[in-house]
1. Take G262 and tell me if it is under 30 Å from S86 (Cα atoms), modelled with pLDDT under 85 and of a type in the set (G, A, S).
2. Of the residues that make up the range 178-194, is at least one buried (at least 16 other Cβ atoms within 10 Å of the Cβ), under 30 Å from T255 (Cα atoms), touching a residue at least 24 places away in the same chain (Cβ under 8 Å) and in contact with a Lys or Arg (Cβ under 6 Å, 6 or more places away or on another chain)?
3. Which members of the range 202-229 meet the condition of being surrounded by fewer than 16 Cβ atoms within 10 Å (Cβ to Cβ) and free of Cβ contacts under 8 Å to residues at least 12 places away in the same chain?
4. Taking the stated definitions as given, is V66 aliphatic (A, V, I, L, M), surrounded by fewer than 20 Cβ atoms within 10 Å (Cβ to Cβ), at pLDDT 85 or above and not in a loop (DSSP other than H, G, I, E, B)?
5. Would you list the helices (runs of 4 or more DSSP H) that sit entirely within the range 113-214 and hold 1 or more residues that are more than 25 Å from L31 (Cβ to Cβ) and of a type outside the set (S, T, Y)?
6. Among the residues of the range 143-152, is any surrounded by fewer than 17 Cβ atoms within 10 Å (Cβ to Cβ) and more than 14 Å from the chain's Cα centre (by Cα)?
Amino acid sequence: MKAYLFIVKIRIQSALAYRFNVISTILIQCLLMFAMACFWKAAYGGAEVVSGVGEQDMITYTIISVIMGNLMTMGVEGRIESSIRSGSVALDLLKPVSTYGIYLAEDLGDMVIAFFQVAVPLIILAAAMFGFPVPASTGHFILFLLSFCIGYLINWLLAALLGMLAFRVISMGPIRNVKGFIMKLLSGSVIPLWFFPEGFRVFLEFLPFVNIYQLPLGIYIGQYTYGEMLQRTGIQLFWCLALWLIFDIVQKKATASVLIQGG
């Protein structure tokens, strides 16, 4: 565990060196947040409630969604692809620590620094423009944090599974772009699923994507009752465990192939 914590620390120190990147990210995300909030204001057109959700709740949803998007940026796909292209993957797999544990530690380090460098400034700016994004209650906020952590792991596992394709394909660029588009559309990151047609919405709720953004955000604004939150969080945990088992099988097969072929 000390090795992984050290990697998190190194990742944080590296991120602190790029100040211009931080400032530009804050400005871009602030513009995105402002544009999305204006979109929902225009979409509501003065209506107090649409699909059971108030206008202010949707603005809060948008603010927290943009913040979550910055915290959930994953680099595991690129790291897997880079190690395979450079040929260092075989040596990485022989190290006394888990290669994928290192990738997870690096992404966690990126998330920690993104929270202080990007998320906190965005919350301050959002509070100045639209009012502080207050959660529905203290209980909702606690369950939101739990759901966010599980959603983060689901997102990471999906990214890592996609990264496994680097063992089979020449370039991951187009695949990663398609994955990013699908994630934004199906996870409720931009448009909540409760605005979708019922049949399509029911289908999407059977997929793991809804557990990354839609569920934590819905909990934050009080869209679900406590019973629904506990039930949905249980389903979210199931998806996390299922994806972990799938990833464990896939990475073991990939590791065996690399070691047999010699890299």
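1. Values: under 30 Å from S86 (Cα atoms): yes; modelled with pLDDT under 85: yes; of a type in the set (G, A, S): yes.
Yes: the conditions hold for G262.
2. The answer is no, given that none of the residues of the range 178-194 is buried (at least 16 other Cβ atoms within 10 Å of the Cβ), under 30 Å from T255 (Cα atoms), touching a residue at least 24 places away in the same chain (Cβ under 8 Å) and in contact with a Lys or Arg (Cβ under 6 Å, 6 or more places away or on another chain).
3. V202, F203, F206, T225, G227, E228, listed by residue number.
4. On the way: aliphatic (A, V, I, L, M): yes; surrounded by fewer than 20 Cβ atoms within 10 Å (Cβ to Cβ): no; at pLDDT 85 or above: yes; not in a loop (DSSP other than H, G, I, E, B): yes.
The answer is no for V66.
5. Working: elements: 120-130, 138-163, 173-186, 198-204.
Because the criterion is at least 1 residues that are more than 25 Å from L31 (Cβ to Cβ) and of a type outside the set (S, T, Y), the helices (runs of 4 or more DSSP H) in the range 113-214 that meet it are 138-163, 173-186, 198-204.
6. Initially, the range 143-152 is screened for residues surrounded by fewer than 17 Cβ atoms within 10 Å (Cβ to Cβ), giving 145-146, 149.
Next cut, more than 14 Å from the chain's Cα centre (by Cα) only: none.
No.
Residues are listed down the side, and each one gets a yes or a no for (1) over 18 Å from L145 (Cβ atoms); (2) free of Cβ contacts under 8 Å to residues at least 40 places away in the same chain; (3) in contact with a His (Cβ under 6 Å, 6 or more places away or on another chain):
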position	(1), (2), (3)
G45	yes, yes, no
S51	yes, no, no
G54	yes, yes, no
T62	yes, yes, no
M72	no, no, no
R79	yes, no, no
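The values are calculated or read from the model by the stated rules, or taken from the named source; none is laboratory data. Computed from a prediction, not measured in an experiment: that's the story for all the values here. All Cβ positions, even for glycine, are placed from backbone atoms using ideal geometry, and neighbour counts span all protein chains on display.
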